[in-house]
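What follows is a set of notes on a single structure, which appears directly below.
Just so it is clear, none of the values below were taken in a lab; they were calculated from the coordinates. Everything numeric here is computed off the predicted structure, so don't read it as measured data. Cβ atoms come from the backbone with ideal geometry, glycine included; neighbour counts cover every protein chain shown.
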Amino acid sequence: MYEYIRGNITELNPTNIIIEGNNIGYFVNISLNTYSKLNGKKEALILIHQIVREDAHILYGFADKNERDLFRNLISVNGVGASIAIMMLSSLNSDEIVAAVTSEKVDVLKGIKGIGTKTAQRIIIDLKDKFGKLPETGQFLYSPDNSIRIESLSALVMLGFAKKDAEKIVVKIVQEQPGATVESVIKQALKRL
């Protein structure tokens, strides 16, 4: 099992990173919050969670231990896979997820793509007591980007949304908030789609 990869960032997208360590490029799936922390950096240390399936070895990366711990707690819930956990971490930050679970806000969790009422209730039941043990996370950093619309649309399509629907929402958000960051556009789009 890999613990972390330290190296040069050769490619960074809102949903994944390619990080080179010892002349090997690793494709690592990341959340939008991790993207926010790594945006603009040339080197990084990515904490890893590896999932081994019969047909693939998949790496999930996190900029900090708290987010990885939260991811591991989320995937421990029956019915919540890695892709749903990453979607949750991309839609809300760690503090918002913990607050939604500890205050039993089913509607907040239901607002995330792929989570229905039963899954939201199961997450709350399974994790409410565990989340009291997680340390609080800090604020996420955002940086401006010239191609906000393109990157946001690309990320939403990679997350499984239809390009046509995602494009309408992204254009509307960018028009409403001209100074919005890629992260905020994607988060708002995830709530509207």
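Phi angles across segment 24-39 convert, under the Karplus curve 6.51 cos²θ - 1.76 cosθ + 1.60 with θ = phi - 60°, into 3J(HN,Hα) values of 10, x, 9, 8, 10, 6, 9, 8, 5, 5, 5, 4, 4, 6, 9, 4 Hz, Gly and Pro given as x.
Of all lysines in the structure, those lying under 25 Å Cα to Cα from Lys163, and not within fewer than 8 positions of it along the same chain, are Lys110, Lys113, Lys172, Lys187, Lys191.
If you run the Gaussian network model on the chain, springs between alpha carbon atoms under 10 Å, then out of Leu45, Leu74, Leu153 the most flexible one is Leu45. Pairs of alpha carbons in segment 1-135 separated by more than 23 Å make up 33% of all such pairs.
Rounded to the nearest 0.05, what FRET efficiency do Gln50 and Asn22 give with R0 = 22 Å and r taken as the Cβ-Cβ distance? Could you check? Computed FRET efficiency for Gln50 and Asn22: 0.85. Extension gain, Ser103 to Asp165: 0.36 nm times the residue separation minus the Cα-Cα distance gives 19.1 nm.
Each label was represented as a point 7 Å from its Cα along the Cα-to-Cβ direction; for Lys110 and Gln177 these points are 2.4 nm apart. Note on Lys41: lysines with a C-alpha under 19 Å away, same-chain residues under 8 apart excluded, are Lys65. Counting only residues at least eight positions apart within a chain, or on another chain, the aspartates and glutamates with an alpha carbon under 20 Å from that of Lys42 are Glu11, Glu20, Asp64, Asp145, Glu151, Glu183. Estimated from helices alone, the mean residue ellipticity of the chain at 222 nm is -14500 deg cm²/dmol (sum of -39500 (n - 2.57) over DSSP H runs with n ≥ 4, per residue).
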